[in-house]
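Novice: My questions all concern the structure below.
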Amino acid sequence: MDFPEPYPVTSVSARRVAGPSLALVLIGLSGCTIVQMRSDLQERQTRIDEKQQQLDDLRTTNTELAAESDQLKNDLQQHELNAKDLRARLDKLIKLNAAARASSARQQGEQQERSRQLEAISQQAQALDQNTSLTDEEKEKKLEALRERTRELLKILLAG
């Protein structure tokens, strides 16, 4: 037995109710989408700002490395550095080289090789500075050889 509905639903009345409801749902969904898009945009901008800061830091480090290398190269050409000074300057170069970030495996390998060579020269300069068995002439001759090796390394460093 079918009972009559107390309020018969007509297609016109259903449309009148569904139309505003659907519009409200669509407005609510579009508001959520806009909020999500703003959040995504802010996150992306934050990442861009962080990467820009990293790039600026890297440029600053590379500028310092180049300036220190140039100054050391000039000092070496003028033969003003003794073994202790040479070692101190090489230690600074080693730190700057370590601070520079390499972007590829090849660059990382080159950076590690430069560090190894700089450290080797620095250790030799330290040993020469502490060596008391050599005459001043012998020390100067060995120091000049270290200066020359450093000049050659700086040419490679500045070229790369």
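The values are calculated or read from the model by the stated rules, or taken from the named source; none is laboratory data. Every value quoted in this text rests on a predicted model; they were computed, and no experiment measured them. No Cβ is skipped: glycine too gets one built from the backbone with ideal geometry, and neighbour counts run over all protein chains shown. The protein model used for the area step is the full one, side chains on, heavy atoms only, and it has no ligands, DNA or RNA in it. Shrake-Rupley method; radii C 1.70, N 1.55, O 1.52, S 1.80 Å.
Novice: Can you tell me which of 150-156, 60-66 comes out highest on packing, and rank the rest after it, using the mean Cβ neighbours within 10 Å?
Specialist: Put in order of decreasing packing, that is 150-156, 60-66.
Novice: For 50, 113, 137, give the ranking by accessible area with the largest first, probe 1.4 Å.
Specialist: Solvent-accessible surface, decreasing: 137, 50, 113.
Novice: Hey, which lysines would be in cross-link range of residue 142, C-alpha to C-alpha under 29 Å, not counting anything within fewer than 8 residues on its own chain?
Specialist: 73, 84, 92, 95, 155
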